[in-house]
Amino acid sequence: MILPKMSCCSTVRRSVWPVGVLFLSLAVSAAQEPGPTPKAQAEAGVKQDVPAPPKTYPPDLVQKGTALFRQDCSFCHGRNAGGGESGPDLTRSKLVTADVDGDKISPVIRNGRPDKGMPRFDRSDDQIESLVAFIHTQQTKALTKTGGRKGVDPEDLQTGNAEAGKQYFNGAGGCAGCHSPAGDLAGIGSRHQGLELEKRMLYPQHAKSKVTVSLASGQTVAGTLEYLDEFTVGLVDSTGAYRSWRTRDVKYKVDSPADAHVALFDKYTDDDVHNLMAYLQTLR
């Protein structure tokens, strides 16, 4: 089974994730001012919302779900629902978190997710109930495990100063040279939140590279890079037409948007990252 999860993954020619991960961890670990303690809130008469305890399931139901999950789902999602060969970590899934008594998990099991490579499973109500019990039990364990892996909430990354981030965007960061809050970044704070937005900020994996090809005749052709290997360079020009040449017959220059972001890795300070992230979150 492959339940939906926010993700951002694609194949790129170079990998800078060790550095990207470093900045993500810095962002998450930013110091924050502690809020009022529950005792102080109570003394001030502030009404407190007490979160409902996680639902527990009969051990025998969870055991049945364990066996069924490991039979049908473990290859993709791992034996303990923590992520596997191709499926996401269900203990961190927003769909699982929002599920109530199988109302969201059950349709996914029955109908599958063809667009994600997940087939449909013909299972009885009792079998699905046991799977729901197992998945929720595993999520509860993951969330309460001391020192365990937990998700990054958008609030964890809201530690910067938006105005300072705007100044960095328009000044030292050089971001305004390629991006526009009213253009390509319009509404980005609504389309992407939290860790996903920060990943895109640090290393834009889906950005298309530009290429300029110089022909032997002296003519130059520019467009979006569509194909490149040691033998062929291909692009889509301004008319939408695909054109290609043998690399030995032309000269070409590739302008990768990711390169400018990579160049900033050695220049960013912690505050730069936090402030820029805060500014991008205001672009809604």
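Structure notes:
- Yes/no for Ser106 being in a loop (DSSP other than H, G, I, E, B), hydroxyl-bearing (Ser, Thr, Tyr), farther than 16 Å from Ala67 by Cα and in the same structural domain as Gln63 (by TED's automatic domain parsing): no
- Considering the range 235-276, and only residues there that are modelled with pLDDT under 90 and hydrophobic (A, V, I, L, M, F, W, C), the residue that is surrounded by the fewest Cβ atoms within 10 Å (Cβ to Cβ) turns out to be Ala263.
- Of everything in the range 77-109 that is in contact (Cβ under 8 Å) with a residue 12 or more places away in the chain and surrounded by fewer than 17 Cβ atoms within 10 Å (Cβ to Cβ), the residue that is nearest to Ala142 (Cα to Cα) is Thr97.
Table: residues versus (1) loosely packed, with under 15 Cβ neighbours inside 10 Å; (2) more than 18 Å from Ala258 (Cα to Cα).
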residue: Lys166; (1), (2): no, yes
residue: Phe169; (1), (2): no, no
residue: Cys175; (1), (2): no, no
residue: His179; (1), (2): no, no
residue: Gly189; (1), (2): no, yes
residue: Leu197; (1), (2): no, no
residue: Tyr203; (1), (2): no, no
residue: Val213; (1), (2): no, yes
residue: Gly218; (1), (2): yes, yes
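- Residue match in the range 38-52 (condition: over 15 Å from Leu131 (Cβ atoms), buried (at least 16 other Cβ atoms within 10 Å of the Cβ) and either modelled with pLDDT of 90 or more or not assigned by TED's automatic domain parsing to the domain that holds Ala133 (or both)): no
- Residues that are more than 28 Å from the chain's Cα centre (by Cα) and assigned to a loop (DSSP other than H, G, I, E, B), drawn from the range 56-76: Thr56, Tyr57, Pro58
- Residue within the range 222-234 that is touching a residue at least 24 places away in the same chain (Cβ under 8 Å), outside the structural domain of Gly183 (by TED's automatic domain parsing) and either in a loop (DSSP other than H, G, I, E, B) or surrounded by 18 or more Cβ atoms within 10 Å (Cβ to Cβ) (or both) present: yes
- Any hit, the range 110-121, residues being touching an Asp or Glu at 6+ places or on another chain (Cβ under 7 Å), modelled with pLDDT under 90, in a helix (DSSP H, G or I) and crowded, with 17+ Cβ neighbours inside 10 Å: no
- Filter result for Asp249 (farther than 21 Å from Gln158 by Cβ and either outside the structural domain of Glu163 (by TED's automatic domain parsing) or among the hydrophobic types (A, V, I, L, M, F, W, C) (or both)): yes
- Taken as a whole, the condition of being at pLDDT below 90 and of a type in the set (Lys, Arg) applies to Lys199.
- Residue list for the range 79-103, restricted to those being part of a loop (DSSP other than H, G, I, E, B) and either of a type in the set (Lys, Arg) or at pLDDT 85 or above (or both): Arg79, Asn80, Ala81, Gly82, Pro88, Asp89, Ser93, Asp99, Val100, Asp101, Gly102, Asp103
- Selection from the range 237-261 of residues that are farther than 29 Å from Gly173 by Cβ and part of a strand (DSSP E or B): Tyr242, Arg243, Ser244, Trp245, Arg246, Lys251
The values are calculated or read from the model by the stated rules, or taken from the named source; none is laboratory data. If you're wondering where the values come from, they're calculated on a predicted model, not measured in any experiment. In this analysis, Cβ positions are derived from the backbone assuming ideal geometry, glycine residues included, and neighbour counts consider all displayed protein chains.
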